[in-house]
């Protein structure tokens, strides 16, 4: 017999023995395998998308603050009510902090009560892209910059008219040009 066959036979015998002895109770199976399955399905390997602006991690880290880097490159989230623009009421254009692409206009910003800047539509639909995000065990729609791939936030279907959408965006992923 080959070493691999011996090893798999040993594992089968050991698992069979433990099943008969009651080591693998439903509780043990759930507490071990459920987190493993959750991790496998929620952290499905992302393919590296091609964007017009591509930089190395070192280049991003030199350009951004640690919070900005965490938000736009690691899909982090700033704490509610702490961002620079959650309570901004000035007229202007919000741009991606990574590449300067215009993503939202102040005319679509509204008070959502969430503590993050909220908009009911992007300045141009082609300037933001959306992907499904399963990271927290639920399906959410992630919003990112279509030019550099920066994570901006998420979009939800609980916004005001005319779109019914709420783009919940991290201040750390934005810059603001006042009119």
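Worth a mention:
- Residues of segment 123-136 satisfying the condition of being under 25 Å from residue 66 (Cβ atoms), at pLDDT below 95 and outside any loop (DSSP other than H, G, I, E, B): 131, 133
- Residue within segment 137-158 that is modelled with pLDDT under 95, surrounded by fewer than 17 Cβ atoms within 10 Å (Cβ to Cβ) and closer than 21 Å to residue 67 by Cα present: no
- Scanning segment 101-121 for residues that are assigned to a loop (DSSP other than H, G, I, E, B) and in contact with a strand residue (DSSP E or B) (Cβ under 7 Å, 6 or more places away or on another chain) returns 101, 112, 114, 116, 117, 120.
- Close pairs from segment 127-138: first over 16 Å from residue 77 (Cα atoms), partner outside any loop (DSSP other than H, G, I, E, B), Cβ under 6 Å, at least 6 apart: 127/103; 128/103; 128/143; 129/144; 130/141; 130/143; 131/142
- Each residue in segment 52-69 was checked for being without any contact (Cβ under 8 Å) to a residue 40 or more places away in the chain and either closer than 12 Å to residue 174 by Cα or touching a helix residue (DSSP H, G or I) at 6+ places or on another chain (Cβ under 8 Å) (or both), and 5 pass.
The values are calculated or read from the model by the stated rules, or taken from the named source; none is laboratory data. Nothing here was measured: the structure is a model prediction, and the numbers come from that model. Note: ideal-geometry Cβ built from the backbone for every residue, glycine included; neighbour counts use all protein chains shown.
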